[in-house]
Amino acid sequence: SLYSLGHIMMQSLINAQGSVFIAACTVGGKVNGIANVAITSFSSAATTFSGQNLGARKYKRLSQGGLKIPLFSGLVTAAAGILVTVFCRPILGFFTSDTAVLDMAARYVRIVLPFTWCYAVFNGIICFVNGLGEVRFPTIVNILMLWAVRIPCGYIISYFFDPTYIMACFSISFAFGMLCMLTY
């Protein structure tokens, strides 16, 4: 319920910006999803890999995987992110022809996608740790990402800066989550 309520609060900030902004965030999110396919694959593999190797007591493999999985997830996501960011206008054109939506969606992609590699590293570590049976710290970090970073940043950007840059709160929370999980 904490996640659902937090996401409702974030959606209300987005909805307050009007239909063009809502459409742009939707289109930008779809393009972002295309570039982030690797995150899901690496994260699923991390959970299974760590659980199986812990059970088999292959600690050297665990140590290597704990470094390689987040690293390669981040690298693949960064490469895809750069590629999609460079070609975001033509890609966005597959989803809409509305110039205002395209302009705002391009802003979304250029603000969120270059930092999504942070989320890839974060998620790779979190899934690896979950596979080891450690869920307390990752859960706390996830809650803090949403409630202590993303939502407050969204409101600060909305009320004190340009509200059409709310999407920057995602990038900031990705970096925060990655740093927290790297310390873990």
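The values are calculated or read from the model by the stated rules, or taken from the named source; none is laboratory data. Here the structure is a predicted model, which is why all the values come from computation and not from measurement. Ideal geometry is used to build each Cβ from the backbone, glycine not excepted, and the neighbour counts take in all protein chains shown. In case anyone asks, the SASA skips ligands and DNA or RNA and just uses the protein heavy atoms, side chains included. Shrake-Rupley method; radii C 1.70, N 1.55, O 1.52, S 1.80 Å.
Tabulated data
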{"quantity": "Normalised contact order of the chain, rounded percent, pairs of Cα under 8 Å and 6 or more residues apart", "calculated": "30"}
{"quantity": "Region 90-184 - percent of accessible surface contributed by carbon and sulfur, probe 1.4 Å", "calculated": "68"}
{"quantity": "Set of aspartates and glutamates near Lys30 by C-alpha distance (under 19 Å), chain-local residues within fewer than 8 positions excluded", "calculated": "Asp98, Asp103"}
{"quantity": "Rounded, prolate or oblate (a/c below 1.5 giving rounded, otherwise prolate when a/b exceeds b/c) for region 25-164 by Cα gyration tensor", "calculated": "oblate"}
{"quantity": "Selected from Cys88, Ser41, Ala23, residue furthest toward positive end of dipole (the chain; charges at beta carbon)", "calculated": "Ser41"}
{"quantity": "Cα gyration tensor, region 1-57 - rounded (a/c under 1.5), prolate or oblate", "calculated": "oblate"}
{"quantity": "Highest to lowest packing among 101-108, 123-130, 57-64, scored as the average C-beta count within 10 Å", "calculated": "123-130, 101-108, 57-64"}
{"quantity": "Approximate shape of region 83-184 as ellipsoid semi-axes (Cα gyration tensor, √5λ), whole Å, largest first", "calculated": "29, 18, 9"}
{"quantity": "Hz values of 3J(HN,Hα) by residue in region 117-133 - Karplus curve (6.51, -1.76, 1.60), Gly and Pro given as x", "calculated": "4, 4, 5, 4, 5, 3, 5, x, 5, 4, 6, 4, 5, 4, x, 7, x"}
{"quantity": "Dipole magnitude of region 48-184, debye to nearest 20 (Cβ charges: Lys/Arg +1, Asp/Glu -1, about Cα centre)", "calculated": "680"}
{"quantity": "Relative contact order for region 76-157, counting Cα pairs under 8 Å that sit 6 or more residues apart, in percent", "calculated": "29"}
{"quantity": "Protection-proxy order for peptides 154-161, 46-53, each taking the mean of Cβ atoms within 10 Å per residue, highest first", "calculated": "46-53, 154-161"}
{"quantity": "Partnerless Cys - the chain, beta-carbon criterion under 4.7 Å", "calculated": "Cys25, Cys88, Cys118, Cys127, Cys180"}
{"quantity": "Sorted peptide list for 133-141, 109-117, criterion being average Cβ within 10 angstrom, highest first", "calculated": "109-117, 133-141"}
{"quantity": "Expected 222 nm ellipticity per residue - DSSP helices of 4 or more, -39500 (n - 2.57), all of the chain, to 500", "calculated": "-26500 deg cm²/dmol"}
